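The next block holds one structure in the form of structure tokens; read it before the comments.
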Amino acid sequence: MTVWTVETDFRDEWMPGVLELLSQEWWTAHRPSDVVEKSLRNSQLVFVACSPQGSVVGAARVLTDFTYLAMVLDVMSSKAHRGEGIGAALMDAIIEHPSLQQVDSIELVCQPELQPFYARWGFTGDVGRSGLMRRTANPLLTGGV
């Protein structure tokens with residue numbers, strides 16, 4: 001079994017690998033690389049999973065105020081290595097990150113088929129009376145895939 005290293009100190013050398021991952025996903029493929037770079041640099045936490053050889057095989061980012069809310073975004077793994085534990089390694093690193101230990105709520109949005117995966121870390125669709133609302137100009141985010 002491969003051991004994936006997850007780093008949180010983002011390095012510029014990882015940018016091409018993360019951009020490549022993002023270019024392969026339905027919700028991020030349309031994003032211009034310069035805008036993606038800006039979003040990565042402005043995220044409070046960026047997690048990068050690397051292979052034993054040092055290549056980027058997964059990534060995720062978190063937006064947070066480090067007190068009340070942390071929002072997990074863009075969790076992804078290389079298509080060539082799906083099912084090998086990269087997503088789990090990323091989620092373990094997020095949940096265990098020292099800066100997120102006192103945050104009241106860690107949230108994410110995912111497709112229904114991924115809910116059992118995230119449930120392993122205590123995520124639930126039971127959010128009381130709350131509901132997701134969205135204002136977007138991105139048609140990919142309104143009709144589902």
Looking only at helices (runs of 4 or more DSSP H) that lie completely in the stretch 46-145, which have at least 3 residues being of a type in the set (A, V, I, L, M, F, W, C) and over 27 Å from H30 (Cα atoms)? none
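Let's see how each residue does on (1) in contact (Cβ under 8 Å) with a residue 12 or more places away in the chain; (2) on the phi < 0 side of the Ramachandran plot; (3) aromatic (F, W, Y):
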site	(1), (2), (3)
Q101	no, yes, no
I106	yes, yes, no
V109	yes, yes, no
F117	yes, yes, yes
T124	no, yes, no
V127	no, yes, no
L132	yes, yes, no
R135	no, yes, no
L140	yes, yes, no
Residue hits (the stretch 45-62; free of Cβ contacts under 8 Å to residues at least 40 places away in the same chain and either under 15 Å from D12 (Cβ atoms) or open to solvent by 20 Å² or more (accessible area, probe 1.4 Å) (or both)) are V46, Q53, G54, S55, R61
Name the single residue, out of those in the stretch 105-132 being aliphatic (A, V, I, L, M) and open to solvent by less than 90 Å² (accessible area, probe 1.4 Å), that is farthest from I86 (Cα to Cα). V127
Scanning the stretch 33-44 residue by residue, the ones that are touching a helix residue (DSSP H, G or I) at 6+ places or on another chain (Cβ under 7 Å) and either farther than 22 Å from E107 by Cβ or at pLDDT 95 or above (or both) total 2
Is one or more of the residues making up the stretch 122-138 under 18 Å from the mean Cα position of the chain (by Cα) and within 25 Å of G17 (Cβ to Cβ)? no
Suppose we keep only residues that are polar (S, T, N, Q) and modelled with pLDDT of 95 or more within the stretch 74-104. Which one would you say is least open to solvent (accessible area, probe 1.4 Å)? S99
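The values are calculated or read from the model by the stated rules, or taken from the named source; none is laboratory data. Not measured: the values here are computed from a predicted model. Every residue, glycine as well, gets a Cβ built from its backbone with ideal geometry; the counts of neighbours run over all protein chains shown. Surface accessibility is based on the protein's heavy atoms, side chains included, excluding ligands, DNA and RNA. Shrake-Rupley method; radii C 1.70, N 1.55, O 1.52, S 1.80 Å.
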